[in-house]
């Protein structure tokens, strides 16, 4: 499988020396639909207040409308965007890295060697918008991991499957490895075997 290192802005300090990021994604962009609609609605409301505000209103009313609009944007728009932006699903050649949280952070790492099964599902809307649910079955106490609203879930499932297979192949012991060990042992025996000296014949 061809791998391409991805520059994703994910902290390299969490990666090991030879670890490479193969895929790094956030939840599907549909999580941002509501925040965008909130921004549009608030802006429309503020503009409408400016246009239709009675002339008898004092500037205090205008300031109050602006402050309310700003609070709504921060509360209903900026916060969901921050949660989306700080949720990371990272797939490397060694493990699956899950991180989420704005101020406090939650995380989990799943070594590829512990992954037993990878499956996905999506409904009609998910197929139309390109997202779904990825389920990772892993060995251990915590077992199953379910990643919802994952973009390009079919491709992600295929990439993870290939990573798991490549990891298993790199840690498996086959006939070629056995023959290489035998050749190395035989080569060492020949180097350590003392050379027999021939004594001259007595006449």
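Rule-based calculations on the coordinates, nothing more; no lab input. Note that this is a predicted model, so its numbers are computed, not measured. For neighbour counting, all protein chains shown are included, and Cβ atoms are generated from backbone atoms with ideal geometry for every residue, glycine included.
Before moving on, here are some points about what is shown:
- Taking 0.36 nm per residue of separation and subtracting the Cα-Cα distance, full extension of the segment from residue 169 to residue 64 would add 31.3 nm.
- Going by neighbour counts of Cβ atoms within 10 Å, the residues 12, 94 line up, fewest first, as 12, 94.
- Placing R0 at 22 angstrom, the Cβ-Cβ distance between residue 145 and residue 33 gives a FRET efficiency of 0.30 after rounding to 0.05.
- Placing R0 at 41 angstrom, the Cβ-Cβ distance between residue 129 and residue 187 gives a FRET efficiency of 0.10 after rounding to 0.05.
- Distance in nm between pseudo-label sites at residue 53 and residue 154 (7 Å out along the Cβ direction from Cα): 5.2
- Placing R0 at 30 angstrom, the Cβ-Cβ distance between residue 117 and residue 16 gives a FRET efficiency of 0.75 after rounding to 0.05.
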